[in-house]
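See structure below.
The values are calculated or read from the model by the stated rules, or taken from the named source; none is laboratory data. The structure displayed is predicted, hence computed values, not measured ones. Reconstructed Cβ throughout: ideal geometry from the backbone, glycine too, with neighbour counts over all protein chains shown.
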Amino acid sequence: MKALRALILLAASVAPACRAQLPNDALISPSRPVPTGKAPHLQARLVKDSPDEKVFAIVLYKGDEAISGLTDFVLEHKIQDAHFTGIGAISSATLAWLDPSRQIYHRISVPEQVEVLSLIGDVATFNGKPIVHMHAVLGRHDGTTAGGHVFELNVNPTLEIFMTVNSVPLKKKPDDASGMKLIDPTQ
């Protein structure tokens, strides 16, 4: 794990042409499936319910995985459009940065206890299914940070999220240039 982390840090400092030499386990496909059922302790409460929006307080606890938990939550509540913010602490994470020219994410492993300084994201549908899109900035014990697209956040002891669900659903469409699914406000 330390060797992989050193390789990723080294790759960040070299010319883009040299990044093609990264090992495959340092790369993450944008279409990687999201595991479900990995947040058995998740609890939620509806804290606002109006015709225009609903707001949920969602709390994950030690041992829960955030992307899995939020994916299960939006599926269960049939949420098609939302945005959210959160704070808390986690025991480890897998973040990534997007390389649009290669249509791939580069892994940023965070194998330590850190503070979630900022968690932001949205929910929109693609092919009729909701997709949770999340970014985070994580604070290490020495005050340095790691940030990027979230693929995995392992909660310890808690992650507190406020999710605002909008009344008008948003959809995503494929973007051939980047390989991503982007929100299309015209749909």
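See the values below:
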| item | result |
| --- | --- |
| Number of positions in region 1-53 that are basic (K, R) and at pLDDT below 50 | 3 |
| Any strands (runs of 3 or more DSSP E) falling wholly within region 80-156 and containing at least 3 residues that are in contact (Cβ under 8 Å) with a residue 60 or more places away in the chain and not hydrophobic (A, V, I, L, M, F, W, C) | 82-99, 104-110 |
| Subset of region 87-126 (residues that are surrounded by fewer than 16 Cβ atoms within 10 Å (Cβ to Cβ) and either basic (K, R) or farther than 29 Å from H77 by Cβ (or both)) | W97, P100, S101, R102, P111, E112, Q113 |
| Residue pairs meeting the criteria (Cβ under 9 Å; at least 6 apart or on separate chains; first in contact (Cβ under 8 Å) with a residue 12 or more places away in the chain, in region 37-64; second part of a loop (DSSP other than H, G, I, E, B) and among the polar types (S, T, N, Q)) | P51/S167; D52/S167; E53/S167; K54/S167 |
| Qualifying residue in region 74-82 (condition: buried (at least 22 other Cβ atoms within 10 Å of the Cβ), in contact with a Leu (Cβ under 8 Å, 6 or more places away or on another chain) and not β-branched (V, I, T)) | no |
| Positions within region 127-153 being of a type in the set (D, E, K, R) and buried (at least 17 other Cβ atoms within 10 Å of the Cβ), in sequence order | E152 |
| Count of residues meeting criterion [closer than 12 Å to A93 by Cα and aromatic (F, W, Y)] in region 138-187 | 1 |
